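**Student:** Below you will find the structure I want to go over with you.
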Amino acid sequence: MDDRTQRILDIVVNSFLPLLKAGVEFTVPLALISFALGLVVALLAALARLSGNRVLSGIARFYVWIIRGTPLLVQLFIIFYGLPSIGLTLGAFPSAVIGFTLSVGAYGSEIIRAAIQSIARGQWEAAYSVGMTYSQALRRIVIPQATRVAVPPLANSFISLIKDTSLAAAITMTELFRVAQQITATTYEPLVLYSEAAVIYLIFSTVLSWVQGWLENRFSRHVAK
Amino acid sequence: MQIEVRNLKKDFGQFAAVQNVSFDIEPGKLIGLLGPSGGGKTTILRMLAGLEKPTSGEILFHGKNVNHLPPQERGIGFVFQNYALFKHMNVFDNIAFGLTVQKKTKREIQERVYEMIELIGLKGLAERYPHQLSGGQRQRVAFARALAPSPELLLLDEPFAAIDAKVRKELRTWLREMISRVGVTSIFVTHDQEEAVEVADEIMIINSGRLEQKGTPWQVYKEPQTPFVASFLGESNILPDTASITGFEAATFRLRDKSRAKTANILIRPESIEVGREHEISNPAAASIGLVKSVQFRGTLWQVEVEVGHHRLLAHRTLEKETLKPGDEVAVLIHSLHLFHEDESLFLENEIKRASSAAI
C-alpha cells in the first residue's frame, strides 16, 4: 500500500466517528424535533384551511405562501442573522429548529389537508350520526384513516428534512456537514470527507425508508388492497 | 318518536330539491320514502338527520323544533347507502363507537355490542374488519352500529341498493322483523316499489321534490291520488279516453268539471283486466271485444297485449288458462279504472257489471 492510500484510509477512519457523532448529536435531533413540531403546525394549518372560517384559512394560506415561496436558506439567515437586529437573538440550534419547523409545517399542511380530504364525507357523517362531535370524529375516525394516506408523502418530507439540515451549517451549527467542512479544512481532502458525509446521510435516510415501510404496513393492515 | 315536518324546502343553488313537503309520523311506524331517483327522498332523509340544512320549513321531534340541532344531538341512527363503516375498526369497535361517547362503562358497552352482534346474526365475527365481510354482513353491521346507541329514530338511505337480489329479499324480511322487535320509529328511502310495499307500514311517494301521497301501501295502490302515484306504484295502462271501453263509456262525465273531461287521464291496472275466450269471462255482457296483439311470458303469468277499439292494453292472464295467440279474438272485461283530472281522482267500477250483479 502506498503512502497516499494509507493517508486517505487514516482520514476516513479517523473522521468517521466525529462525523457520526455530529450526525447523532445534532443532525438527527434537529430533524426529529423539527419534524415533530412541524407536524403539529402542519395539522393546525391544514385544519385551519379546512375550517371554513375565512380568517383562519386566510392565515394558513398566507403562511404556506410565504414559506413555500422563499428559500429555506434565506429563512434561516433571516432568523439567525436578521432577528438580532430587532433585539431577538437566538442560538444556532433554536434558530434551525424554528426554520425547519416552519418549513415542515407549510409543506406538511398540504399533505395533511389532501389526506383529510381523501376520506369520504360518509365517514364524517357516520361519525356524527352515532353522536360524535367534530373533534371526536376527527381524532377517532378521520385522522387514523388519513394517516395511512399521508405516510408516504410525509416520509418523503422527513427524508428531505434530514438532508436539508445540512443548511444549518451555514448558521454555524456544528452538525454533520459542518464537521465535514472543518475536517476538510485541515486535511485538504474534500472528495473523501464530503463523500463520507454523503454516505452517513444515506445511512440515515435508508433507516427512515425502512421505518416508512413499517409504518405503511401498520396503517394499511385493515384495508383491502 | 313523534315527527312533524312543516313546509320543508331545500334548494341547491337554482335547483329546488325539496318543495313544501309536510307530513306527520306516528311513533313506532316504519315509513318508506318511495320515488324515482333524483326526486328528493334522500335530501328529506338527510334533513331529518341534520346532515343537510333546510332552506326553509320546520322539523319537529316530539313537538320541538330541531332545525338547528346538529346530527349528534338529534337522537337518530343513520344507515348509509354505502354503509360508511369505519374501515380501520373491526366489527366490535364499529358497533361500540356510538356507545363510547355516551359515557357508558366498558362492561355495559361490551354487553350491548355482543347483544347487537347476536341480534344481527354475526356471532363470532366481532374481530373481523369491514373488508373481510360480505355486502350483506356489512349492511347488518351498519344497522347494528346505528341501533346500538338506542336512537329514537332510525333513518336508512337505500339500505339494500348495493346488495344482490336474493340476499336483498332475505335482508328485507330480516330488517322488518328487527325493527318491529326493537320498536324504533324508522324511515327508509328506496326507489324499489316492491321493497317499499313489502316492508313499510306506510309509504310516502316523493316525486320532483314533492310529496305526492302518503298512506298504507294498500291505500296508495288502491286509491292513488295523482296520475304519477298510479303509474309509479304497480303497472298501468294510461289512456286518453274511455270511448269504446264497455262499461265506462260515460266515465268522464263523472268528473266535477265536465267541460274539461277531454283532458282527463285514465289509468287501468293490468290486474283489473280480464282477458280470454268469451266462455271464460266472468261477465261477458260487460266485456268489450279485443284482438290479441302479443303474448309474453312474465315468470308467474302471461302478459297479453290486446287491442280494444283504438286502445292498446296490457293485461295479465294466469298460466293455468289456455294460452292465447296473437290474432285471437277475445273478450276483454275491464273491472275498474282510475280517472284523474287536475286534483280530482276517481276510482270507477264497470257499470254494466255493477248493474248486472245488482240485478241478481
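The values are calculated or read from the model by the stated rules, or taken from the named source; none is laboratory data. Every value quoted in this text rests on a predicted model; they were computed, and no experiment measured them. As a convention, Cβ positions derive from the backbone with ideal geometry for all residues, glycine included, and neighbour counts pool all protein chains shown. Just the protein is used for accessible areas: all its heavy atoms, side chains included, with ligands, DNA and RNA removed. Shrake-Rupley method; radii C 1.70, N 1.55, O 1.52, S 1.80 Å.
**Student:** So for region A:3-220, averaging the separation of alpha carbon pairs under 8 Å that are six or more residues apart and normalising by length, what relative contact order in percent results?
**Tutor:** Taking the mean separation of contacting Cα pairs over the length of region A:3-220, I get 29 percent.
**Student:** So what are the radius of gyration and Dmax for the Cα set of chain B, in Å?
**Tutor:** Computed over the Cα atoms of chain B, radius of gyration and Dmax are 24.9, 76 Å.
**Student:** To the nearest Å, what is the center-to-center distance of region B:297-336 and region B:119-178, using C-alpha atoms only?
**Tutor:** 42 Å
**Student:** Under 15 Å from the Cα of B:Lys106, which aspartates and glutamates turn up, not counting those fewer than eight places away in the same chain?
**Tutor:** Candidates past the 8-residue exclusion: B:Asp93, B:Glu115.
**Student:** Just to confirm my numbers, what's the Cα centroid distance between region B:200-237 and region B:20-55 in Å?
**Tutor:** 15 Å
**Student:** Whenever you get a sec, compute what percent of the accessible area on chain B sits on carbon and sulfur atoms (1.4 Å probe).
**Tutor:** Values: 8160 of 16490 Å².
So the carbon and sulfur contribution to the accessible surface is 49 percent.
**Student:** Here is a follow-up. Once you keep just the Cα pairs under 8 angstrom separated by 6 or more residues, what percentage relative contact order results for region B:237-358?
**Tutor:** For region B:237-358, the relative contact order is 32 percent.
**Student:** Nearest 100 Å², what total accessible surface is buried between chain A and chain B (probe 1.4 Å)?
**Tutor:** Summing both sides, the interface buries roughly 2000 Å².
**Student:** Spin-label point model (7 Å from Cα, Cβ direction): what's the B:Phe15 to B:Asp164 distance in nm?
**Tutor:** So the two model labels end up 3.3 nm from each other.
**Student:** Which percentage, to the nearest 5, of the DSSP beta bridges contained in chain B is antiparallel? Each step should come with its number before you reach the end.
**Tutor:** Values: 52 of 70 bridges.
Among the beta bridges of chain B, antiparallel pairing accounts for roughly 75 percent.
**Student:** Provide Rg and Dmax in Å for the protein assembly as shown, with only Cα atoms included in the calculation.
**Tutor:** My reading of the Cα-based Rg and Dmax gives 36.5, 133 Å.
**Student:** If you count, for every residue in A:111-121, the Cβ atoms of partner chains within 10 Å of its Cβ, what is the mean?
**Tutor:** 1
**Student:** Further question on the same structure: Report, in deg cm²/dmol and to the nearest 500, the calculated mean residue ellipticity at 222 nm for the protein assembly as shown, where each DSSP H run with n ≥ 4 adds -39500 (n - 2.57) and the sum is divided by the residue count.
**Tutor:** Numbers: 19 runs with 260 residues, N = 585.
Value at 222 nm, helices only, nearest 500: -14500 deg cm²/dmol.
**Student:** PRE reach from B:Gln102 (point 7 Å along Cα→Cβ): which of region B:70-91 fall under 15 Å by backbone N?
**Tutor:** B:72-78
**Student:** Now for a separate question. Using only Cα atoms and rounding to the nearest 10 degrees, what angle (0 to 90) does helix A:143-164 make with the longest principal axis of chain A?
**Tutor:** It works out to around 20 degrees.
**Student:** Aspartates and glutamates near B:Lys166 by alpha-carbon distance under 17 Å, same-chain residues fewer than 8 away left out - which ones?
**Tutor:** Straight-line reach from B:Lys166, under 17 Å: B:Glu158, B:Asp192, B:Glu194, B:Glu195, B:Glu198.
**Student:** May I pose another question? Of B:Lys64/B:Lys222; B:Lys123/B:Lys169; B:Lys41/B:Lys214; B:Lys9/B:Lys64; B:Lys29/B:Lys104, which sit over 25 Å apart, Cα to Cα?
**Tutor:** Going by Cα-Cα distance, B:Lys64/B:Lys222; B:Lys29/B:Lys104 fall outside the 25 Å limit.
**Student:** Could you name every residue in region A:123-140 that has 40 Å² or more less accessible surface in the full protein assembly than in its own chain alone (probe 1.4 Å, ligands and nucleic acids excluded)?
**Tutor:** A:Gln123, A:Glu125, A:Ala126, A:Tyr128, A:Ser129, A:Val130, A:Met132, A:Arg140
**Student:** So, one more: Can you classify region B:237-358 as rounded, prolate or oblate using the Cα gyration tensor, where a ≥ b ≥ c are the square roots of its eigenvalues, rounded means a/c under 1.5, and otherwise it's prolate if a/b beats b/c and oblate if not?
**Tutor:** Details: a/c = 2.15, a/b = 1.69, b/c = 1.27.
Prolate.
**Student:** I've got another one for you. Could you give the angle, 0 to 90 degrees to the nearest 10, between helix B:135-147's Cα long axis and the longest principal axis of the Cα atoms of chain B?
**Tutor:** The helix B:135-147 is inclined about 70 degrees to chain B.
**Student:** In Å, what is the Rg of the alpha-carbon atoms in region A:3-220, and how long is Dmax?
**Tutor:** Rg, Dmax (Cα atoms, Å): 20.9, 77.
**Student:** So which lysines can B:Lys293 reach, going by Cα to Cα under 20 Å and dropping same-chain residues fewer than 8 places off?
**Tutor:** Qualifying lysines at Cα under 20 Å: B:Lys321, B:Lys325.
**Student:** Report, in degrees rounded to the nearest 10, the 0 to 90 angle that the Cα long axis of helix B:106-119 makes with the longest principal axis of chain B.
**Tutor:** Approximately 20 degrees, to the nearest ten.
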